[in-house]
């Protein structure tokens with residue numbers, strides 16, 4: 001009886017553990033969820049280099065061009081970003097001018113707004129068959 005109870009408990013734990021493991025986001029899923037990417041290779045700092053109070057900002061890392069990021073707060077010159085590194089999200093501050101928008105906006109024939117990521121395999125078809133509001137600047141820019 002005790003052996004059956006142990007086996008049942010182990011099976012129950014495994015049933016609950018699998019869905020949790022399935023929630024991990026892959027790099028491709030992360031990239032598609034981001035509306036911004038880095039135009040050029042960029043140094044990342046712990047906080048902005050302007051107006052720091054408690055401690056001096058320190059260098060975290062250098063991210064390569066075309067790293068997909070999620071942008072949040074910051075100042076005019078620096079933006080806080082979050083990026084994925086080996087399955088873990090990390091954050092820091094980069095120069096605002098190094099970040100570019102990587103999605104296109106369009107409107108379908110029935111008036112539905114469309115947001116199309118540059119990585120979407122149907123990006124060009126969707127843009128060509130709908131009314132374009134804006135093309136992703138990352139697709140129009142030439143690299144410095």
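With the simple spin-label model, which puts each label point 7 Å out from Cα in the Cβ direction, the residue 46 to residue 86 separation comes to 2.1 nm. The order of 93, 101, 59, going from fewest to most other C-beta atoms within 10 Å of their C-beta, is 59, 101, 93.
Where a number appears in this text, it was derived from the coordinates with a stated rule and is not lab data. Remember, predicted model here, so these are calculated numbers, not experimental data. For neighbour counting, all protein chains shown are included, and Cβ atoms are generated from backbone atoms with ideal geometry for every residue, glycine included.
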